[in-house]
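Structure first, then comments.
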Amino acid sequence: MAPVVGIDLGTSNSSVASFLGNQHQILSDEQGRHLTPSVVSFGKEKRILVGADAKAQLFANPKRTITSIKRLIGRKIFSPEVKKAQVLLPYKLVETDDQNVGVDIGDGVYTPQEISALILKHLKEVATKKLGAEVTQAVVTVPAHFNDNQRQATKDACKIAGLDTLRIINEPTAAALAYGFGKGLKETVAIYDLGGGTFDISILKLKDQVFEVLATAGDTFLGGDDFDDRIIDLCAESFLKKADVDLRKTPGALPLLRSNAESAKRKLSYAEKTDIYIPGVIQKDGQPIDLQFTLTREIFFKATNELIQKTFTVCDEALRSAGLRPSDLDAVILVGGPTKMSLIYEVVGSYFGKSPLRDLNPDEVVSIGASIQAQSLSSHSSSPASQKTNALLLDVTPLDLGIATVGGYIETVVEANSPIPIQASKLFTTTQNNQENVQVRIFQGKNRREEESNLLGTFELSGFKKGKAGDASIEVFFSINTDGIVEVSAKDKETGASQSVKVKLSAALDPTKLKESKDNFNEFKEVKLKNTWEDSQKVVFCTSSVGGPVYDEGYVSKLNPLDNKFDLVQDGVKVTHKEFLKEKICWLMTVEDFSNIPRYLQAFASKPSLNGKPSKPIYQFRLKDGTFIYGQTDTPNFRAQGFWIEPFSEVDRLSGKLFLYSAQIQESAPLAS
């Protein structure tokens, strides 16, 4: 049987997971990366780059390198979110059919569905290589607060990429699956999901293998990108005072600012401060001017506190809908890369009155949950034995579903947070004699006004008996399926016969456009850049300072921890070199992905619970600077200069390790063997 996968199609990064080696796990690419940046760069003659290779083109090819496409999928060109994106994004947005948004790269205009399909195809190929068989079926996740337009558009992207979507599930629900599946829990949990471009909060009741969503709320234009924008503003304002130039209005500088802002935000997830340095960011009067700005956690918190408070307003809404207080929750689970920031961890803990769980990797938990659901839905799980371990998801619709009435008002047919699948009906009649059809507009949103809601589409009723106004009585059924997608059907109330319902969806691609997209899609050829760091390792150095530990990340060629000095190569806007002497280093750590540095530091700095069985003896090391390190090692008789230790985690698959220099150790003691 063909394998099935779970896909987290994210704003900043995407990932794919499947059941492999008797467990659900992230499928890494050929370079061992778990995350694929959600970036596509268009070259000449239909050649494209996807992922990390595409991200490397942000400076050289900004107008044809597409980022944050998830923020645009299923949206109209006139929407406030698109208007904001037009100011912030370096590539050009244009109007396409039915006032939908498109991306103009110069020699062609592509829909967000088509660009998303290129990312999905890349993930599909990663999975196919890893699993050794072609992947054609997937469970794909979306933000809980995505409306029908956005869900339809995501499904279209999957079709273009050659993927059959077994189900579209909400990201927080997938995270809850990863947290509770197979554990027999009886808990009420909150999933705080802050992604690259969206924020969701879902309240779920877990009972054995039943995952029931009690309420959900969200903001589909609030995420890590907005935190990056605040860092950009800080840097730009500082530079404006220094050089009297606004870098936000300098096209060539904006991609540099965005890349450095994203990197600085990530580094603040494990360091107290970081320096943003862009040499020669602009030329003025024939002279290069450098940008230099020191960003501390305190400065960052002040700049972004308003954004964090917005998430709590959404949390208030979800808790009210569920009829719960924060104290009623058994656990709070963090999802999304931005939640690795310490300030998020602290303020979320303060809001809910309990420390959020840190057991699960917030970057990977959604695709793991999608993989669990994919296995449950696939034919692999059709045996009676496997049915006992299948998960039952009981989700809700995030928004009110209604129809337009007089005066620009909307009459609600299905209320937000109603369990899905659900069906509701509404009686329609004619308003004129001999009327042949009735047209109705469908809206989705939080408000009862048309201008504040999303038009999903229109439908036309016909085929009923002509007569006087009000004679016809047609019952229209509005259904929302388990994917959260709206369906419409109708029947004549008098005869019971099915009536013709022609639905024109607002965002979905029509069959002709879908076929055209698939044909064009096959013309694209993904190419790979030469791996500059093929012979190097990703390394983090820890050194001591008066203000506490200092961390530096980069690449080291032919790493030998016993060398007297190291050349750390840092890959930013320009490649820089930094020299480290062995006697100044407390420890060095190898990682498979820089995004996982906070997970490693947490694993090495936290005393393990020892509920699981370690593969090697676990030791506690007290360093001369007063800090503690915990890890597994086969070296009870410690070598004179140093030795490798590995992290112990019951849930995280961390393949990196840490080299501890013996000269830095004050004392050590075994914890478990």
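The values are calculated or read from the model by the stated rules, or taken from the named source; none is laboratory data. Small disclaimer: the values here were computed from a predicted structure and weren't measured. Because the Cβ atoms are built from the backbone with ideal geometry, glycine has one as well, and the counts that use them run over all protein chains shown. Surface areas here come from the heavy atoms of the whole protein model, side chains and all, with no ligands, DNA or RNA. Shrake-Rupley method; radii C 1.70, N 1.55, O 1.52, S 1.80 Å.
For the chain, the solvent-accessible area works out to 44 Å² per residue, with a probe of 1.4 Å and every protein chain left in place.
Amide H to amide H distances under 5 Å link L20 with Q25, where only residues 5 or more positions off or on other chains count and H is placed in the peptide plane. The DSSP beta bridges internal to the stretch 123-279 are antiparallel in roughly 75% of cases. Peptides 288-299, 145-156, 190-201 ranked from most to least packed by the mean count of surrounding Cβ atoms within 10 Å: 190-201, 145-156, 288-299. Short-range pairs are left out: with C-alpha atoms under 8 Å and at least six residues apart, the relative contact order of the chain is 12 percent. Look at the alpha carbon pairs under 8 Å that are at least 6 residues apart: their mean separation over the length of the stretch 1-79 gives a relative contact order of 23 percent. Once the Cα atoms of helix 254-267 and of the chain are each reduced to a long axis, what angle between those two axes, in degrees from 0 to 90 to the nearest 10, is obtained? Tilt relative to the chain: about 70 degrees. Rolling a 1.4 angstrom probe over the stretch 99-172 with all protein chains present gives an accessible area of which 42% lies on carbon and sulfur atoms. Along the axis of the charge dipole computed for the stretch 154-201 (Cβ charges of +1 for Lys and Arg, -1 for Asp and Glu, origin at the Cα centre), the listed residues G182, F199, I169 are led at the positive end by G182.
Pairs over the 29 Å Cα-Cα cut-off, from the set K46/K124; K284/K525; K121/K273; K273/K446; K465/K513: K284/K525; K121/K273; K273/K446; K465/K513.
Of all lysines in the structure, the ones whose alpha carbon falls short of 22 Å from that of K207, not counting any fewer than 8 places away in one chain, are K183, K186, K354, K388.
Computed about the Cα centre, the dipole magnitude for the chain is approximately 580 debye when only Lys and Arg (+1) and Asp and Glu (-1) carry charge, each at its Cβ. Report summary: the helix-based calculation at 222 nm, which adds -39500 (n - 2.57) for every DSSP H run with n ≥ 4 and divides by the residues of the chain, gives -7500 deg cm²/dmol.
Dipole magnitude for the stretch 50-106: about 240 debye, using +1 per Lys or Arg Cβ and -1 per Asp or Glu Cβ, origin at the Cα centre. The aspartates and glutamates within cross-link reach of K468, meaning a Cα-to-Cα straight distance under 12 Å and a gap of 8 or more places when in the same chain, are E436. Lysine pairs in the stretch 575-646 with Cα distance under 23 Å, only those 8 or more apart or on different chains: how many are there? Within the stretch 575-646, the lysine pair count is 4.
The string of couplings for the stretch 526-532 from the Karplus curve (6.51, -1.76, 1.60, θ = phi - 60°) is 7, 10, 10, 7, 5, 6, 4 Hz, one whole number per residue in order, with x for Gly and Pro. Considering only beta bridges that DSSP places wholly inside the chain, some 85 percent are antiparallel.
By accessible area, using a 1.4 Å probe on protein heavy atoms only, the stretch 205-303 has 49% of its surface on carbon and sulfur.
Each residue of the stretch 309-318 is assigned a 3J(HN,Hα), and the resulting list reads 5, 4, 5, 6, 4, 5, 4, 4, 4, 5 Hz, derived from the Karplus form 6.51 cos²θ - 1.76 cosθ + 1.60 (θ = phi - 60°), x at Gly and Pro. In summary, the aspartates and glutamates within cross-link reach of K515, defined as a Cα separation below 12 angstrom excluding same-chain residues under 8 places away, comprise E114, D156. Against the chain, whose longest principal axis comes from its Cα atoms, helix 112-131 is set at around 60 degrees. Taking amide H as placed 1.01 Å from N in the peptide plane, the amide H of T198 sits under 5 Å from that of L222, G224, each at least 5 places away or on another chain. Whole angstrom only: what separates the Cα centroid of the stretch 177-241 from the Cα centroid of the stretch 427-475? Taking the Cα centre of each part, the stretch 177-241 and the stretch 427-475 sit 37 Å apart.
Dipole of the stretch 387-453, Cα-centred, from +1 at each Lys and Arg C-beta and -1 at each Asp and Glu C-beta, to the nearest 20 debye? List each step's numbers first, then the result.
Numbers: 6 positive and 8 negative charges, 40 e Å.
That gives the stretch 387-453 a dipole magnitude of about 200 debye.
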